[in-house]
Amino acid sequence: AQSVTQPDIHITVSEGASLELRCNYSYGATPYLFWYVQSPGQGLQLLLKYFSGDTLVQGIKGFEAEFKRSQSSFNLRKPSVHWSDAAEYFCAVGASEYGNKLVFGAGTILRVKS
Amino acid sequence: DTEVTQTPKHLVMGMTNKKSLKCEQHMGHRAMYWYKQKAKKPPELMFVYSYEKLSINESVPSRFSPECPNSSLLNLHLHALQPEDSALYLCASSQTPTGYMTGELFFGEGSRLTVL
């Protein structure tokens, strides 16, 4: 079955440290790939997306993600985390194999300690 | 600031009540969506409206009834809900009708529903 996996339910990093959130998907071709962020009590905000082309994509708030076809991964990174980055992060995949609708991963909750 | 506005932000209702959730966007988007998000879970698509017509119903129970009066407004009418329907209901919009596939969605802050 097609799936989107975010293996880390919670991640805690120190303010100023680097961050990498993992996302793996099972799908044969190149799907549409996304990262969303959800602050407590808020809706989702699109951080970045990958459709094709350069495998390293830049997003808002200083985030970037790299598509690695060989690993079926689309990991989110940020070189220096700020306390305001504490939120839940969802990886999402869109493809015909998923019935042409976005499928979200289970989410990763990021905690930032000062 | 969000450009998709949802009201109310919180709603508590009994199982025999009838209530409605409202969503409004003024970005000229032609597709609007309802998602349901249970605690500690990702959002799940419920309905898609494209050019004010219902194009997708993800097998949602009939106690949820969507309505799109015009291109800027989306309602979700609630009737005879169950406690397990308690969740955050998110409205989203996209410029194109394929936003639910391409992911270029703008979400509101959600309406948190509690069914007693």
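The values are calculated or read from the model by the stated rules, or taken from the named source; none is laboratory data. Note that this is a predicted model, so its numbers are computed, not measured. Methodologically, a virtual Cβ is constructed for each residue, glycine included, from the backbone with ideal geometry; neighbour enumeration extends over all protein chains shown.
Worth a mention:
- Neighbours by Cβ (under 7 Å, 6+ apart or cross-chain): first from the stretch B:86-115, facing another protein chain (nearest Cβ under 10 Å); second assigned to a helix (DSSP H, G or I) and surrounded by 23 or more Cβ atoms within 10 Å (Cβ to Cβ): B:Leu105/B:Gly99
- Given (1) modelled with pLDDT under 95; (2) touching a Cys at 6+ places or on another chain (Cβ under 6 Å); (3) away from chain A (no Cβ under 12 Å); (4) crowded, with 19+ Cβ neighbours inside 10 Å, index of the condition B:Met32 fails: (2)
- All conditions in (1) over 23 Å from B:Gly99 (Cβ atoms); (2) of a type outside the set (Gly, Ala, Ser); (3) over 15 Å from the mean Cα position of the chain (by Cα) hold for A:Asn75, with the sole exception of (3).
- For the stretch B:36-55, filtering for residues that are touching a residue at least 12 places away in the same chain (Cβ under 8 Å) and either part of a loop (DSSP other than H, G, I, E, B) or crowded, with 19+ Cβ neighbours inside 10 Å (or both) leaves 13.
- Any chance A:Ile11 is surrounded by fewer than 21 Cβ atoms within 10 Å (Cβ to Cβ) and over 23 Å from A:Lys113 (Cβ atoms): no
- Single condition B:Leu78 does not satisfy, out of (1) at pLDDT 90 or above; (2) under 28 Å from A:Trp35 (Cβ atoms); (3) in a strand (DSSP E or B): (2)
- Between B:Met15, B:Met27, the distinction of being among the hydrophobic types (A, V, I, L, M, F, W, C) and surrounded by fewer than 13 Cβ atoms within 10 Å (Cβ to Cβ) belongs to B:Met27 only.
- Residues in the stretch B:77-96 include at least one that is farther than 21 Å from A:Gln45 by Cα, among the polar types (S, T, N, Q) and over 10 Å from the mean Cα position of the chain (by Cα).
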